[in-house]
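Every read-out reported here was derived from the displayed coordinates using simple, explicitly stated rules and does not represent laboratory data. This structure is a prediction, so every number in the text was calculated from the model and none was measured. So basically every Cβ, Gly included, is an ideal-geometry build from the backbone, and we count neighbours across all protein chains shown.
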Amino acid sequence: MFRISFALFFFIFFAACNSEESKPDVSGIKVEIQLKRFEERFFGVDTNNIAAGLQGTRQEFPEFYPVFTQEFIGEDESNIKAFIQYHRFLYDSLKKKYTDFNWMKKELDDNLRYVKHYYPAYKIPSFFTYIGPFNSPGIAVLQNSIGIGLHQYGGKNFSVYSTPEIVEMYPYYISRRFDKEYMLPNIMKGVISGIYAEQSGGKPLIEQMIEKGKELVLLDKFLPGAPDSVKTGFTTDQLKWTEANEGNIWVQLIETEDIYSIDPAVIQRYIGPAPFTQGFQQEDSPGNLGQWIGWKIVQKFADKNPDLSLDQIVKTPAKVIYNEAKYKPR
């Protein structure tokens, strides 16, 4: 019994060491994180004197303020006043949940070092939190800043998400990801969108799958150690099913679909949020299965080309990646 335990200890120890060795040393990279709270300034406005009250908010958030007032809620004072009054309960609830964001600044500090390791010229944006209407984005990517829409991070059991209006907008398979653990991966997806503009438009299914898969390959590097479930959005059971059936999924895909199809209906079947992927088991398969397969294809290509940098890999045309990867999972 002692020998088994002793051996197991060393197995775990060396596995942990190998895991750490796979990460680049970023301890010497310095980043400066700025994170402000737009919602505190905005909801602190005196609704009896909106124009004067918003002047400071406009000055502190010059990039986001016009987007918020013009595109999200409407810049008319009556619209602003109505939004503040109607969403006050939401602000009060989320303020209790997120009393401070020091933990997020620490997370961003840790993980943006990896971004700077692979992309030294990347300019770190400033970050801010906000509360918008529910149809506004959970992550708002602007030219010099990234906003975190707290209205989409209330927690999967947040009562508001179960109201008929919100369920219609965000079914449970989407709102279950409106949780704290998805915040950092989603922010990093926003970072990625500023680094690499995917080339999906008008491309065949297989190339769009690979383009989407590149995002997950970048997340692998920028969020080392993060669970695949939060990177993909799959549940743990869906991820287990997908990994166990990788070969069968690929065989069924190439036998039942034209992977070079540009039919939007075919592409939508495999790419984008959905409760499951049509043609596969509803109770087991996740939606967005195409992105996961694309991820595996890009990983296969990267394994065959160890001399290529991360930037060279993601900039390789999807068609070249597919042809050279020779992806044939069992």
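A few notes on this one:
- Test: residue in segment 45-63 that is surrounded by 14 or more Cβ atoms within 10 Å (Cβ to Cβ), aliphatic (A, V, I, L, M) and touching a residue at least 40 places away in the same chain (Cβ under 8 Å): no
- Cβ-Cβ contacts under 9 Å between residues 6 or more apart (or on different chains), taken from a first residue in segment 91-111 that is within 20 Å of K156 (Cβ to Cβ) to a second residue that is basic (K, R) and in a helix (DSSP H, G or I), are listed as K97/K180; Y98/K180.
- Any hit, segment 308-319, residues being within 27 Å of K180 (Cβ to Cβ) and surrounded by 13 or more Cβ atoms within 10 Å (Cβ to Cβ): no
- For Q282: the one exception among (1) farther than 16 Å from E198 by Cβ; (2) out of contact with any Phe, Trp or Tyr (no Cβ under 8 Å at 6 or more places or on another chain); (3) exposed (fewer than 15 other Cβ atoms within 10 Å of the Cβ): (2)
- Qualifying residue in segment 31-52 (condition: outside any loop (DSSP other than H, G, I, E, B), more than 28 Å from the chain's Cα centre (by Cα) and basic (K, R)): no
- The set of residues in segment 239-269 being in a helix (DSSP H, G or I), within 26 Å of the chain's Cα centre (by Cα) and of a type in the set (A, V, I, L, M) consists of L239, A244, I249, L253, A265, V266, I267.
- Complete set of residues in segment 195-226 that are assigned to a loop (DSSP other than H, G, I, E, B) and within 17 Å of A265 (Cβ to Cβ): S200, G201, G202, K203, P204
- If you go through segment 198-257 and pick out every residue that is in contact (Cβ under 8 Å) with a residue 60 or more places away in the chain and among the hydroxyl-bearing types (S, T, Y), you end up with 1.
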